[in-house]
1. Tell me, which residue of the range 5-21 that is over 19 Å from A63 (Cβ atoms) and part of a loop (DSSP other than H, G, I, E, B) is least open to solvent (accessible area, probe 1.4 Å)?
2. Would it be correct to say that A14 is over 23 Å from D256 (Cα atoms) and touching a Ser or Thr at 6+ places or on another chain (Cβ under 8 Å)?
3. Filter the range 1-34 down to the residues that are basic (K, R) and farther than 26 Å from R129 by Cα and list them by number.
4. I need every pair where a residue in the range 126-141 that is more than 10 Å from L11 (Cα to Cα) has its Cβ under 7 Å from the Cβ of a residue that is of a type in the set (D, E, K, R) and open to solvent by 50 Å² or more (accessible area, probe 1.4 Å), sequence separation at least 6 or different chains.
5. Out of all the residues in the range 183-200, which are assigned to a strand (DSSP E or B) and touching a Phe, Trp or Tyr at 6+ places or on another chain (Cβ under 9 Å)?
6. More than 29 Å from E176 (Cβ to Cβ) and in contact with a Ser or Thr (Cβ under 7 Å, 6 or more places away or on another chain), is that true of L238?
7. Let me confirm something: among E136, E150, which residue is open to solvent by 50 Å² or more (accessible area, probe 1.4 Å) and either under 24 Å from A70 (Cβ atoms) or in contact with an Asp or Glu (Cβ under 9 Å, 6 or more places away or on another chain) (or both)?
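The values are calculated or read from the model by the stated rules, or taken from the named source; none is laboratory data. Everything numeric in this text was worked out from a predicted model, so none of it was measured. Virtual Cβ from ideal backbone geometry, glycine too; neighbours counted across all protein chains shown. Ligands, DNA and RNA are stripped out before the accessible areas are found, and what is left, the full protein with its side chains, is counted by its heavy atoms. Shrake-Rupley method; radii C 1.70, N 1.55, O 1.52, S 1.80 Å.
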Amino acid sequence: MMISPTLPAELKAALDGKLQGFSRTDAAQRSQKISTAYRAGGGSGTIKSEADALAYALARMPATYAAVAASLNALTEIAPSLAPETLLDVGAGPGTASWAAAEAFPSLQDFTLLDANATLSRLALDLARDSSRLAECRYLPGDAGANLAEVSQADLVIASYIIGELSEADQRKLAETMWAKARHALVVIEPGTPAGYARILALRQQLITAGAYVAAPCPHERPCPLIAPDWCHFSQRLPRSQAHRQIKSAEVPFEDERFIYVALTRTAPASRAARVLAPPDVGKAEIAAKLCTEEGVALTKVPRRDKAAYASARRWRWGDAVIAES
């Protein structure tokens with residue numbers, strides 16, 4: 001079951017309820033300040049009040065949710081038998097990844113969220129209060145890395161948009177701890193920038209060395225075959241609400257979130273699939289697609305005269321797992 005990149009109805013309703021009477025102008029100013037701090041390499045320390053947390057949620061929750069949803073869809077496609085019952089959401093913020101995981105895995109029953117920002121933790125608990133799935137979630141305030149060392153293992157561990165806030169040494173330490181706590185799978189999502197890709201590559205290699213298997217997006221555990229300035233990343237389109245457009249000063253009714261992720265498992269995937277690394281070029285005579293395969297990067301061309309293969313290739317989208325055509 002592929003989950004939608006749009007916020008679940010329960011979450012949207014809870015967020016809309018919190019936003020009643022909330023000034024969009026004030027939200028725009030606050031979210032701009034927060035975004036500037038993040039781009040400068042800062043963390044969530046600028047989110048200090050309920051209004052800050054709401055502005056952040058309005059500006060970033062939809063895109064973060066879309067990226068996590070796409071990453072979890074990729075994992076469930078490669079590991080369809082994965083049915084986690086317990087979740088650890090590391091650097092949970094307002095709980096975005098937990099909501100996506102609840103949608104992706106009906107099997108989840110126990111949610112533990114970790115984040116140092118008390119303001120975001122209060123918002124997360126408020127948003128989850130009336131949820132049919134997340135009402136009983138636990139949110140542990142304080143340093144996520146320190147708390148992570150103390151909590152029990154979980155079937156699934158997720159860390160979205162968090163490791164970029166840490167030093168390289170702390171990234172390695174957190175990666176080691178998260179993998180130790182992941183009974184079955186670990187999913188890490190970062191911004192789809194060259195820097196985000198570099199962080200994911202480093203974590204990927206570190207944990208492969210520790211015995212992890214890559215379920216997605218890579219169809220192998222070998223070094224990434226892409227050569228700089230190329231880098232691996234994906235894009236998820238999501239609709240913008242009117243309020244979202246207002247605070248972003250945006251005209252278009254959608255946005256494209258660029259992200260990079262890695263989904264690691266304790267057991268090797270039963271099968272491997274090639275990954276579409278860029279939007280395919282659909283021509284009159286053929287479709288050309290850049291694929292990451294077990295053997296490396298390949299430019300696959302599907303001629304129109306091969307009607308069945310051409311029809312299948314027309315459905316390929318950037319980020320899809322596909323059976324590579326020879």
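1. Among them, the one singled out is G21.
2. Working: over 23 Å from D256 (Cα atoms): yes; touching a Ser or Thr at 6+ places or on another chain (Cβ under 8 Å): yes.
So A14 fits the description; yes.
3. Here is the first cut: in the range 1-34, the ones basic (K, R) are 12, 18, 24, 30, 33.
Once the filter is applied, which keeps residues that are basic (K, R) and farther than 26 Å from R129 by Cα, the range 1-34 yields only K33.
4. Cβ pairs passing all conditions: D126/K18; S132/E10; A135/R129.
5. Listed by number, the residues that qualify are L186, V187, V188, I189, E190, P191.
6. Working: more than 29 Å from E176 (Cβ to Cβ): yes; in contact with a Ser or Thr (Cβ under 7 Å, 6 or more places away or on another chain): yes.
Taking the combined requirement at face value, the residue satisfies it.
7. Details: E150 fails: either under 24 Å from A70 (Cβ atoms) or in contact with an Asp or Glu (Cβ under 9 Å, 6 or more places away or on another chain) (or both).
On inspection, the qualifying residue turns out to be E136.
Residues checked against (1) small (G, A, S); (2) open to solvent by less than 30 Å² (accessible area, probe 1.4 Å); (3) within 24 Å of A97 (Cβ to Cβ); (4) in a strand (DSSP E or B):
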| site | (1), (2), (3), (4) |
| --- | --- |
| R237 | no, no, yes, yes |
| I247 | no, yes, yes, no |
| E255 | no, yes, yes, yes |
| F259 | no, yes, yes, yes |
| V262 | no, yes, yes, yes |
| A268 | yes, no, no, no |
| R272 | no, no, no, no |
